[in-house]
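What follows draws every value from the coordinates through simple rules; no lab data is involved. Small disclaimer: the values here were computed from a predicted structure and weren't measured. Note that each Cβ is placed from the backbone with ideal geometry, even for glycine, and that neighbours are counted across all protein chains shown.
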Amino acid sequence: MKVLEIRDIVRKDVPIYYRRLFTGTAVLEILDNALERRIEFTIETKPTGARETTVAMIESLDYPLVPVIKELKDCIASLDRSGALPC
C-alpha cells in the first residue's frame, strides 16, 4: 500500500483559527492497482505548537484502514511542512 499523491485539495472555511479543514482526492496504490478515494483531513495546532492530523475516508475502501490512514497522515504532514497545502 502506497500513497501516490493527494490532489484536488480544497481548504474549507472554519472560524477556529488553529484548525484547518481540507478535502481532497487520495490516489492510492494497493496491490498494483491505482485507486482514487475522496478524503477529508484536519490539521489542528495545539497550544504547545505540535500539529495533530486526523483523516477520514469519505468513500469506502476495501482494505484495512489503519495502514492507509498512517500513510495518508505522513503524506499530509510532508505537504504541510513543504507549504504545498492551500492557505
Quiz item: Could you give the nm distance between label points at ILE9 and SER78, where each point is 7 Å from its Cα heading toward the beta carbon?
Solution: 1.2
Quiz item: Relative to the longest principal Cα axis of the chain, at what angle does helix 65-82 sit, 0 to 90 degrees, rounded to 10?
Solution: 50
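Rounded to the nearest 500, what is the 222 nm mean residue ellipticity of the chain from helices alone, with -39500 (n - 2.57) per DSSP H run of 4+ residues and division by all residues?
After summing the helix terms and dividing by residue count, I get -7000 deg cm²/dmol.
Hey, how much of the P(r) for the range 2-81 falls beyond 19 Å, as a percent of Cα pairs? Show your work: numbers first, answer last.
Details: 1075 of 3160 pairs.
Of all Cα-Cα distances in the range 2-81, 34 percent exceed 19 Å.
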Quiz item: Given +1 on the Cβ of Lys and Arg, -1 on the Cβ of Asp and Glu, and no further charges, what dipole in debye does the chain carry about its Cα centre, rounded to the nearest 20?
Solution: 420
